[in-house]
Amino acid sequence: MNAARLLTTIMLLAALGATAACGRRAGLDTPYDAAVQARKDAEKAGQPLPPEPQKPVKDKPFFLDKLIQ
């Protein structure tokens, strides 16, 4: 029983350690921002440009939005 508990603890710590470094520490990119950046990168590298991104439409507030803010 002791060996199984030790093995489980080691596996749990390994899983936590493996996932702790995932992701990046910054704000999330919106699809519009990502498309603008991709266009700038392609222009800089001399590659064909992707289509011009359209500005996002302003969202209408929903009456339940106050619950999740």
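The values are calculated or read from the model by the stated rules, or taken from the named source; none is laboratory data. In this text, all values refer to a predicted model and were calculated from it rather than measured experimentally. Note: ideal-geometry Cβ built from the backbone for every residue, glycine included; neighbour counts use all protein chains shown.
General observations
- Some residue of segment 18-30 being at pLDDT 85 or above and of a type in the set (Gly, Ala, Ser): no
- Within segment 19-61, the set of residues being aliphatic (A, V, I, L, M) and in contact with a Pro (Cβ under 7 Å, 6 or more places away or on another chain) comprises Ala35, Val36, Ala38, Ala42.
- For the residues Pro61, Pro50, Pro56, the requirement of being at pLDDT below 90 and touching a Ser or Thr at 6+ places or on another chain (Cβ under 8 Å) singles out Pro56.
- Looking across segment 37-64, the residues that are surrounded by 10 or more Cβ atoms within 10 Å (Cβ to Cβ) and assigned to a helix (DSSP H, G or I) come down to Gln37, Ala38, Arg39, Lys40, Asp41, Ala42, Glu43.
- The residue that is farthest from Ala34 (Cα to Cα), among those in segment 48-64 that are without any contact (Cβ under 8 Å) to a residue 24 or more places away in the chain and touching a helix residue (DSSP H, G or I) at 6+ places or on another chain (Cβ under 6 Å), is Leu49.
- The sole residue among Ala34, Ala3 that is among the small types (Gly, Ala, Ser), assigned to a helix (DSSP H, G or I) and either surrounded by 10 or more Cβ atoms within 10 Å (Cβ to Cβ) or modelled with pLDDT of 90 or more (or both) is Ala34.
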